[in-house]
1. Can you confirm whether the stretch A:308-324 contains a residue that is away from chain B (no Cβ under 14 Å) and in contact with a Ser or Thr (Cβ under 8 Å, 6 or more places away or on another chain)?
2. Counting just the residues of the stretch A:62-93 that are more than 14 Å from chain B (Cβ to nearest Cβ) and of a type in the set (F, W, Y), which one comes out nearest to the chain's Cα centre (by Cα)?
3. List the strands (runs of 3 or more DSSP E) inside the stretch A:588-694, counting only whole elements, that have at least 1 residues being at pLDDT 85 or above and within 46 Å of the chain's Cα centre (by Cα).
4. Go through the stretch A:253-297 and count every residue that is under 21 Å from A:T236 (Cα atoms) and either away from every other protein chain (no Cβ under 14 Å) or part of a helix (DSSP H, G or I) (or both).
5. Report, by residue number, each residue of the stretch A:205-227 that is under 19 Å from A:V152 (Cβ atoms) and surrounded by fewer than 23 Cβ atoms within 10 Å (Cβ to Cβ).
6. Cβ-Cβ under 8 Å, sequence separation 6+ or interchain: first residue in the stretch A:3-28 and within 16 Å of A:F77 (Cβ to Cβ), partner of a type in the set (A, V, I, L, M) and outside any helix (DSSP H, G or I). Which pairs?
7. Please find, within the stretch A:888-920, the residue that is nearest to A:E872 (Cα to Cα) out of those that are of a type in the set (S, T, Y) and surrounded by fewer than 18 Cβ atoms within 10 Å (Cβ to Cβ).
8. Of all the strands (runs of 3 or more DSSP E) wholly in the stretch A:786-887, which have at least 2 residues that are under 30 Å from A:G743 (Cβ atoms) and modelled with pLDDT of 85 or more?
Amino acid sequence: MLQQFEDALVQYDELDALFSQYVVNFGAGDGANWLTFFCQPVKSWNGLILRKPIDMEKRELIQRQEATLLDLRSYLFSRQCTLLLFLQRPWEVAQRALELLHSCVQELKLLEVSVPPGALDCWVFLSCLEVLQRIEGCCDRAQIDSNIAHTVGLWSYATEKLKSLGYLCGLVSEKGPNSEDLNRTVDLLAGLGAERPETANTAQSPYKKLKEALSSVEAFEKHYLDLSHAAIEMHTSIGRTRSARLVGKDLAEFYMRKKSPQKAEIYLQGALKSYLAEGWALPITHTRKQLAECQKHLGQTENYLQTSSLLASDHHLTEEERKRFCQEILSFASRQTDSPGHKIVLPLHCFAQLRDLHFTPSNAVVHVGGVLSVDITMCSQMPVPVRVEQIAINVHFSIEKNNYRKTAEWLTKHKTSNGIINFPVETSPFPTSQNNLPALELYEMFERSPSDNSLNTTGIICKNVHMLLRRQESSTSLETPSGVALEDGAHVLKCRDVTLEPGPNRITFRTQAKEPGTYTLRQLCASLGPVWFVLPHLYPPAQYDVYSQEPQLRVEPLADSLLAGIPQKVKFTVTTGHYTVKNGDSLQLSNAEAMLILCHAENRAVIYSNTREKASDVSLRVQSSDKVTSISLPAAPAYHMIEFELEVLSLPSAPVTGGESSMLGVTEPHRKHKDTQKAGHCMATTDHKVSIDCPWSIYSTVIALTFSVPFRTTHSLLSAGTRKYIQVCVQNLSELDFQLSDGNLADPGRGADLQLVPLNAKSPQHISSKQSVFFVWELKWTREPPPSLRCQFSVGFSPASEGQLSIPLKPYTYEFQVENFFTLYNVRAEILPPAGTEHCRTGSLCSLEVSITRLSDLLDVDKDEALTESDEYFSTKLMYEVVDNSSNWAVCGKSSGVISMPVAAQATHRVHMEVMPLFAGYLPLPDVRLFKYLPHHSAHSSQLDADSWIENDSLSVDQHVGDQLDSGSIRSRGSVHSASSSEHKGLPMPRLQALPPGQVFNSSTGMQVLVIPSRDDHVLEVSVT
Amino acid sequence: MSESFCFTSVGHHDNPVFEMEFSLAGEAESDDDCHHLNQFIAHAALNLMDDDMWLSANTDLKTAGKFKEWFLSAFVATGHVIFIMLRDIRQEDGIKNFFTDVYDLYIKFTIIWYLYSY
């Protein structure tokens, strides 16, 4: 028996295939005349016979050449089936059977064999059940249950065929079969012939089943429902939900025919859900149509209207159909309902879609009482124009705590680009449920061996598998009939009697803002009688703000900073807020003493609306009295701005001569300090406070204006022997150019004995920005000069760019004091070459002669601790010091000493020293400094020698030129420290006081001595200064 | 007997991406009622594909076979896109070539889309 069955099966298969090929070729026009033999009309449709190993009946028919196509196919299949069952391959039988049934139906069509209607359905039905029963006969239940996938096709095919037979024989109609149907049934049953003996005793044979099913409406229903439920169950059990839905949909159709819409609904809903989930547009439309009918029968008004609206907006339907469904809604809406308050709430999206929303003003901020308009674009989905009674937007109101958002400043700063909010267009149909699934969260996984850390396993883990592999049925329904809650808010924007044309429509809502706060647009509803189409949430959220603002006054300079002394413009901005400025309202400015408000013949004010649009331009009346300046405001409505400019003048006052200035005042002419740079270019400022009474408030508003003084002035005292000069430097720190005129220096205290002779140009002088102008006076006196002199400098100034000014400007003044300006000592130094030589040489000693000459008799300034009175004359102690900062000279021997100077005119003290030039060239002379040598305050007991103090390194130098005692002098003198502290060793020490620069005149300043290089030098060093 | 074809391309959410119906030249257009019927069949047939896809190493699912008296062919493209062809006559080779051509186009368009999107 080896291979016998397989070989036989192959033979049958080949025969089968060969025959199939002939049929295909015949269909394609290839003449195989013998095939016409099989094209005889079908007269018998009793199905496959698989219970006998060999169907002798059919074999004989073939032998007799009387077999039809169905007979031949049946015979071949019965042989194949027997062999496959021998080979233990029952599932292949099922599979092949399905294929056979399909291809027989196709072949009969192809060969254009005449088949009575329903005959093939009978044949297929009987064959399906025969195959299934044959398989059941040789397998146990468990095997069958686990191989449903193979048999379910036959089950559903049988169901389908029974259904079409039922329809054909009038078993599905409400009234039952008519005579024509009955005739047809009789014909069909006749074609079945008599039941075969082998199944005659079987209760549930296919033959009996069919005969019974066709016998009565009730029996058909029973059999059809049995089969359908079995097919659905099988499909579902193996996960073929889609096929189950399709069978279910047929079942629903059946129920609808049987006028049982309540049973049909669940199947239609199930099918619709599945199509919606995967976005199959045409099945959705078709199922919805069926569902609409079902809901209509069931009297589910709300659901029916929703389905109708969906269908009316469905572009897969014809225009007529859409209009019909639209009319359904409209006629319901126009019908008078029994309960007037009853509303039917439906989702808006099936009726119309919200495309965009636009606020005017575009930033959606409006003041109390202002008008806001909201424009929306709604795209009507209906095929005909629809008159909507009312379109309303429910608005949620909330008082916002953060008031800043709602001020005018916020308004101007936060302007949205165009104020249009676009709403996403619903792309329907689209598989929504899958889209809502979370993204796949995949992670790599490595598992390493704990011993050697080698990779054991690797893989990918999906961490949210529980979210992804959820049964889809359990997810929420996609088309809930009505889950829309209607909000009932106090704030509603309404628009009545709107006709929505098919396609985009623009609808405008206008509202007057009342309470300040934030208004969020929540729901959009369109109502047609009792039918309300509602968009439950507007997303992205749209909101507008209503603000209330306190009136406000702002005063700010037009330029970066205000300059004192010249008229400056100041901008006044009145933000009216909720206050309405009436005629007669005025601002009362209490005048500050040193600040004037300049009143011109005409001032103009501009009124702006809140959105910075110019509303009007009016003249402004300004009245000024001694103490109060009154500005009459023009009448302006609430939430406007009044802007005007006024000129103010801060009177220039000289800054009180501070320490810096006075220090500069005593600056020695030869010292080039950089302190002026350090002082910087920042202008001195003065603040003026103005108190303003506003009509809207009982409180005064105090406003501080800061004025900057444009000039900085320094003075210095210059000497030439006993002649004295005062130099005043005016530095312009501002950005403006000025014209200076009438520079004057006066000594307010003194009389005729002092005279200040100007050495300046009489014409006005131009002073550019960041530049300086110098003024010089010579100081002359007739009697003994006072120890100090108070001076007042004044200069007229005006901006260079402007022509004639309306008001005379006050001059700029500067007061300072000059002290100890009279020259007491003349110091003269002279370097003489060594005797016998014409010039000094480097390396050779030269003599330095210093002569200190007293120029006046006893004066008030001399009366200090150092003054001693001897027999006839007064004397004072001075200390001299020779310092060479430029290291040109080496002072040999003592470089300093204390001398007792008689206080008498022309008293001269000479000191001789030796110095050595270190370089060749014209060398400046070393500095000779003179200090007043003061005894220690308390103890005069220890009259120590000055030189020993110096050597003790504990000399206290009470001077502010200590920093000049630098390394150059140290080299020449040994060790001198500038120690300002007198705590050294606890000894009482005399003090040195630098003489004021005005009291010492160095007549050898600027002198140079020619030093020639020594002959031995191979290297010539020439210092040129 | 009319020879009509219905081609559907199904995306990876099992949603129809492209549908087209056509009949052989000279044949009358199939009536409108058929459109949704074809989709119903194509949709239900997806279950068969789901089973077969993982059992076969081929992209061409010959086993799709017959469904509801229609000949059904399917082709699994990249990205879990399935091409389905419903037809009422047997024509295996022609369909196979057709699928190969469609797949070619599909790949080209996908690549172009990627190139211009990123």
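The values are calculated or read from the model by the stated rules, or taken from the named source; none is laboratory data. Remember, it's a predicted structure, so these values are computed and weren't measured experimentally. In this analysis, Cβ positions are derived from the backbone assuming ideal geometry, glycine residues included, and neighbour counts consider all displayed protein chains.
1. As a first pass, look at the stretch A:308-324 and keep what is away from chain B (no Cβ under 14 Å): A:308-310, A:312-313, A:322-324.
Now restrict to residues that are in contact with a Ser or Thr (Cβ under 8 Å, 6 or more places away or on another chain): A:322.
Yes, the stretch A:308-324 contains at least one residue that is away from chain B (no Cβ under 14 Å) and in contact with a Ser or Thr (Cβ under 8 Å, 6 or more places away or on another chain).
2. To start, the set of residues in the stretch A:62-93 that are more than 14 Å from chain B (Cβ to nearest Cβ) comprises A:62-90, A:93.
Next, from what is left, pick out any that are of a type in the set (F, W, Y): A:75, A:77, A:86.
Working: A:Y75: 80, A:F77: 76, A:F86: 78 Å.
Looking at the filtered set, the residue picked out is A:F77.
3. Working: elements: A:595-598, A:603-609, A:614-624, A:628-632, A:640-650, A:685-693.
Correct list: A:603-609, A:614-624, A:628-632, A:640-650, A:685-693.
4. Filtering the stretch A:253-297 down to residues under 21 Å from A:T236 (Cα atoms) leaves A:253-255, A:263-280, A:283-284, A:287.
In the following step, the residues that additionally are either away from every other protein chain (no Cβ under 14 Å) or part of a helix (DSSP H, G or I) (or both) were identified as A:253-255, A:263-278, A:283-284, A:287.
Residues meeting the conditions: 22.
5. Here is the first cut: in the stretch A:205-227, the residues under 19 Å from A:V152 (Cβ atoms) are A:206, A:209, A:223-227.
Those that are under 19 Å from A:V152 (Cβ atoms) and surrounded by fewer than 23 Cβ atoms within 10 Å (Cβ to Cβ): A:K209, A:H223, A:Y224, A:L225, A:D226.
6. From the stretch A:3-28, the pairs are A:F5/A:L87; A:L9/A:L87; A:V23/A:L111.
7. Going residue by residue through the stretch A:888-920, those that are of a type in the set (S, T, Y) are A:895-896, A:900, A:908.
Pick out the ones that are also surrounded by fewer than 18 Cβ atoms within 10 Å (Cβ to Cβ) and you get A:900, A:908.
Details: A:S900: 15, A:T908: 17 Å.
Top of the filtered list is A:S900.
8. Details: elements: A:788-799, A:812-819, A:825-832, A:846-854, A:874-883.
In the stretch A:786-887, A:788-799, A:812-819 are the strands (runs of 3 or more DSSP E) which contain 2 or more residues that are under 30 Å from A:G743 (Cβ atoms) and modelled with pLDDT of 85 or more.
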